[in-house]
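Written out below as structure tokens is the structure these notes cover.
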Amino acid sequence: MKLILKGLGVSKGKAKGNVKIVETMEDHKDFKQGDILVTRITDPTMTKIMGKAAAIVCEIGGLTSHPSIISRELGIPCIVSVKDATKILKQGDLVHVCGEKGEIHVAETSIFTGQCTCPGIVEGKIRRYQKGKTYKKEDIVIINEFVTQNLLLLRDAGAILSSTGGITCHAAIIARELNIPCMVSVKGIENLEEGTEVIVDTASEVIKVK
Amino acid sequence: MRTINKDQIRSFKTNVRPEHKNNTILEIKLDNKIFWCERPLYNFTKFDQSLCYANSKDEGKWLFNTETILFFDQLGRAWFQEELTSKYLLNFYLKNPVMYLNFAAKRVNDIKKVISLMKEVNKTVYSDNKETIIANLKKMKLCYDIFYSHMGSIFWVFDDIVHKFKETLLKFLDKAEANTYLCEFLTAEITKEALKLGVVEEYDNTDRGSSYGSDKPIIFHREPKIFVESKLDAQIFSKAASAPEEVRKNFFALRLIMPAALQINEEAQYIESKMLSGHIKVIMKKVCKLLNKTKQEIDNMTYKEVIEELK
């Protein structure tokens, strides 16, 4: 684990979970039980998701501010005054939050990068492309032969990753047209094993192994 | 055809296309002029050289009012004078984005003519009547003349325009915002139509002769959008406004031309590989039969020689 952020610990305890950055009410919809709530500052509209959070991290605030009081009530760790937390932490980062020390550690993960051809953030399991097979939203499909005819079978996949292809190739444009998050020229992706859990953020051109 | 000495050729890689997508460019200096071969893996037959490239040299005249030279070497590779290379055209269009829009407007009309001509051919494409076959071949020649009259602007510079747009966006936006915005424009009207009809399959990319694509003579079309709007425009424009002058200038030039360039390039790829290829393949099979020659024998003739023999 790597220490990346420090702030003021205002509620004791330790928690581990995936970062969920909340900036608008729209972000509340995807908030899952056990996520680490990262935001500028909490307010009463967030009470519901605060109840699901494993820990809370805020960019501003002090000992008596809203997140501090609520987290102590809920018995979950909370750190406030963490400068630029919403910028430095990324959606889906696996982090450890230590309320006593006011420290946030990020799990060292394998990270792959490539070129985005259709934006989207998807969590799922790695699946290798097989001709004739159908795929579901939770499947992140690795395809070696990145050609258009193969893409038509991937309409329902969560995301497409390829070690080949460029942003202007036909298949990339088809993926964009079908609105399937897609990254091409991803080096080393072929080494990922079937079933590996990953978080893909194509717009940021990052694939993280959970 | 011009025989060139391979020892005089300089080879380098472009970073706008991945390795497996033919990213080597060749350069040679002949008669004090620089020539580039942008697709060294594409070898054109004598027939295809005369069918497809007759009008390509006129692009320089249209853009800069100067004669430009192109030639084929002993391997059938196409070499274009410096003014029609991707590097030169990118710089030219960055300084003159309105010229790209002039070209795009002309292209829309050109393609209307090509589609209209192909529709005429399509009515009798399976005919075995000699006169009809000759008439169809002549109409297809007209299609190719119009279709390949702007090789540099449609094919050579396209990847560079998209790459430069991304590079420019990254100078004033973070990666996620730059990619999200770029992807707003990685879309083309003709792709929607091709998907609707289920005709998106790709072909071997090392062969780009007149018959490299489909053998089904189909026609489909949807006019490209030259001006593509994005819901993100307002926020990106406001960030661009505070970018350094050079970045801002490039951004606005590329914002104008990149979406159109993608639409025009995609349109060209589908017309080339599905429609032109589909029709010419059927016609040339009939020509081979009429002249009692193999395809290889026809490939070693010019278009004019084929027409003469047919008469």
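Points to keep in mind about this one:
- The C-alpha atoms of the protein assembly as shown occupy a region whose extents along the principal axes are 95, 50, 42 Å, arranged from largest to smallest.
- Contact order normalised by residue count of chain A, Cα under 8 Å, 6+ apart, percent: 21 percent
- Within 10 Å of the Cβ of each residue in B:172-182, the mean number of Cβ atoms contributed by other protein chains is 5.
- The value of relative contact order for the stretch B:8-159, using C-alpha pairs under 8 Å at least six residues apart, is 24 percent.
- Its Cα gyration tensor gives the stretch B:152-234 an equivalent ellipsoid; the semi-axes, largest first and in whole Å, are 30, 17, 11.
- Violating pairs (Cα-Cα greater than 28 angstrom) within the set B:Lys6/B:Lys87; A:Lys29/A:Lys208; A:Lys83/B:Lys175; A:Lys16/B:Lys231: A:Lys16/B:Lys231
- Kirkwood hydrodynamic radius of the stretch B:1-146, from the reciprocal of the average inverse Cα-Cα distance over all distinct pairs: 17.5 Å.
- The stretch B:1-102: GluC sites (Glu not before Pro) in DSSP coil with no more than 13 other Cβ atoms inside 10 Å: B:Glu67
- Taking every full run of DSSP H in chain B, the ones that stretch at least 24 Å from end to end by Cα along their long axis and average -0.5 or higher on the Kyte-Doolittle scale are B:97-123, B:130-147, B:245-270.
- Our compactness index for the stretch A:2-106, the C-alpha radius of gyration over the empirical 2.2 N^0.38 Å, is 0.89.
- Projection of the Cα convex hull of the stretch A:111-209, averaged over all directions and equal to a quarter of that hull's surface, yields 4.9 nm².
- Among B:Met275, B:Met301, A:Met183, A:Met25, the order by Cβ neighbours within 10 angstrom, fewest to most, reads A:Met25, B:Met301, B:Met275, A:Met183.
- Ordering A:Val95, A:Thr113, B:Asn129 by Cα displacement along the dipole of the protein assembly as shown toward the positive end leaves B:Asn129 in first place; charges were set at the Cβ atoms of Lys, Arg (+1) and Asp, Glu (-1).
- Ellipticity at 222 nm from helices only: DSSP H runs of n ≥ 4 in chain A, each -39500 (n - 2.57), divided by the residue count, give -3500 deg cm²/dmol.
- Dividing the helix sum by the residues of chain B, where each DSSP H run of 4 or more adds -39500 (n - 2.57), gives a mean residue ellipticity at 222 nm of -16000 deg cm²/dmol.
- Where chymotrypsin sites (Phe, Trp or Tyr not before Pro) fall in DSSP loop in the stretch B:125-189, at most 16 other Cβ within 10 Å: B:Tyr126
- This ranking places A:Ile56, B:Ile271, B:Ile115 by how few other beta-carbon atoms lie within 10 Å of each, fewest first, which gives B:Ile115, B:Ile271, A:Ile56.
- P(r) tail fraction, chain B - alpha-carbon pairs more than 24 Å apart, %: 56 percent
- Cα convex hull of chain A - mean projected area over all directions, nm²: 11.3 nm²
- Think of the stretch B:88-310 as having a plus end and a minus end, set by charges on the Cβ of Lys, Arg, Asp and Glu; of B:Phe252, B:Leu169, B:Asn102, B:Asn102 sits farthest toward the positive end of this dipole.
Bear in mind that the values in this text are calculations on the coordinates, not laboratory data. Remember, predicted model here, so these are calculated numbers, not experimental data. Virtual Cβ from ideal backbone geometry, glycine too; neighbours counted across all protein chains shown.
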